[in-house]
Amino acid sequence: MEPRQFLDALRIAEHLKDATRHSYTSGRRHESVAEHSWRTALMAYFLRDEFPQADMDKVIRMLLIHDLGEAFTGDIPTFLKTGADEEKEDALLHRWVHTLPDPYKTEMLALYAEMNERKTLEARIYKAIDSLEAVIQHNEAPIDTWIPLEYDLNVTYASDKVAFSDYLTRLRALIREDTLEKIRTESTADYSKEEDHD
């Protein structure tokens, strides 16, 4: 990649540092899309031994690029995102990818197609990790940053995405336990504070 093309690609990716997600960090600030993407890639790195039959380097590449479309549209939470939103994001992303030189253009287009079809083991792992990171992040955020629908969503979200893997199913069950414990203890603590103010 020529130096100017390299810098132009990084400039687009930099937008993900400012694009905030619905989720909060443990320090009570909105997380960025870049932070989410980074941690999903780290998760794949740590899960390499659990999937010896998978090309985990490919999974890491998928996770590094999976939200690049949000550099153009910003993040829209899953529970608000429409088909029209997805079409717009995909169109803008693919227009940009077509400006990249080969082999990056060809590889990224192939990765996005594989990710969308979700037929390969690598694509299923990518999607499971992407979904799991979101519920893990919610568990790490203060519960008063949650909106009402997230109490149920954090218990159920991603269960279908992990069903293909015994390990990921067990991981999801543990995350669910953490969610239920958080709801039980932090909701009680918030209620106690309200009673103290009465």
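Which one of these is out of contact with any Asp or Glu (no Cβ under 9 Å at 6 or more places or on another chain) and either aliphatic (A, V, I, L, M) or outside any loop (DSSP other than H, G, I, E, B) (or both): K105, K119? Residue meeting the stated conditions: K105. Looking across segment 57-82, the residues that are within 20 Å of E114 (Cβ to Cβ), without any contact (Cβ under 8 Å) to a residue 60 or more places away in the chain and either crowded, with 16+ Cβ neighbours inside 10 Å or of a type in the set (F, W, Y) (or both) come down to I60, R61, L64, I65, D67, L68, G69, E70. Does Y45 satisfy the condition of being of a type in the set (S, T, Y) and crowded, with 19+ Cβ neighbours inside 10 Å? Taking the combined requirement at face value, the residue does not satisfy it. Suppose we filter E177, E122, E181 for residues that are at pLDDT 95 or above and in contact with a Lys or Arg (Cβ under 6 Å, 6 or more places away or on another chain); which single one remains? Going through E177, E122, E181 in turn, just one is at pLDDT 95 or above and in contact with a Lys or Arg (Cβ under 6 Å, 6 or more places away or on another chain): E122. Determine whether A34 is farther than 23 Å from Y151 by Cα, touching a Lys or Arg at 6+ places or on another chain (Cβ under 7 Å) and either of a type in the set (D, E, K, R) or surrounded by 18 or more Cβ atoms within 10 Å (Cβ to Cβ) (or both). For A34, the condition - farther than 23 Å from Y151 by Cα, touching a Lys or Arg at 6+ places or on another chain (Cβ under 7 Å) and either of a type in the set (D, E, K, R) or surrounded by 18 or more Cβ atoms within 10 Å (Cβ to Cβ) (or both) - is met. Look at (1) modelled with pLDDT of 95 or more; (2) of a type in the set (D, E); (3) surrounded by 12 or more Cβ atoms within 10 Å (Cβ to Cβ) and you find that D85 fails only one, number (1).
All conditions but one from (1) in a loop (DSSP other than H, G, I, E, B); (2) at pLDDT 95 or above; (3) under 11 Å from the mean Cα position of the chain (by Cα) apply to D75; the one that does not is (2).
Scanning segment 88-117 for residues that are within 16 Å of the chain's Cα centre (by Cα) and surrounded by 15 or more Cβ atoms within 10 Å (Cβ to Cβ) gives E89, Y112, M115. Does A110 satisfy being among the small types (G, A, S), modelled with pLDDT of 95 or more and in contact with a helix residue (DSSP H, G or I) (Cβ under 8 Å, 6 or more places away or on another chain)? When the stated conditions are applied, A110 does not pass them. For segment 78-94, taking the residues that are among the hydrophobic types (A, V, I, L, M, F, W, C) and assigned to a helix (DSSP H, G or I), the one that is farthest from A41 (Cα to Cα) is identified as A84.
On the given criteria, is W38 part of a helix (DSSP H, G or I) and within 21 Å of Y157 (Cα to Cα)? So W38 passes the test. Close Cβ contacts (under 9 Å, 6 or more residues apart or on different chains) running from residues in segment 38-53 that are within 23 Å of D67 (Cα to Cα) to residues that are among the aliphatic types (A, V, I, L, M) and modelled with pLDDT under 95 are absent. Candidates in segment 14-35 are the residues that are in contact with an Asp or Glu (Cβ under 7 Å, 6 or more places away or on another chain), small (G, A, S) and part of a loop (DSSP other than H, G, I, E, B); of these, the one that is nearest to L153 (Cα to Cα) is S26.
The values are calculated or read from the model by the stated rules, or taken from the named source; none is laboratory data. The model shown is predicted, which means the values in this text are computed figures rather than measured ones. All Cβ positions, glycine included, derive from the backbone under ideal geometry; neighbour counts span all protein chains shown.
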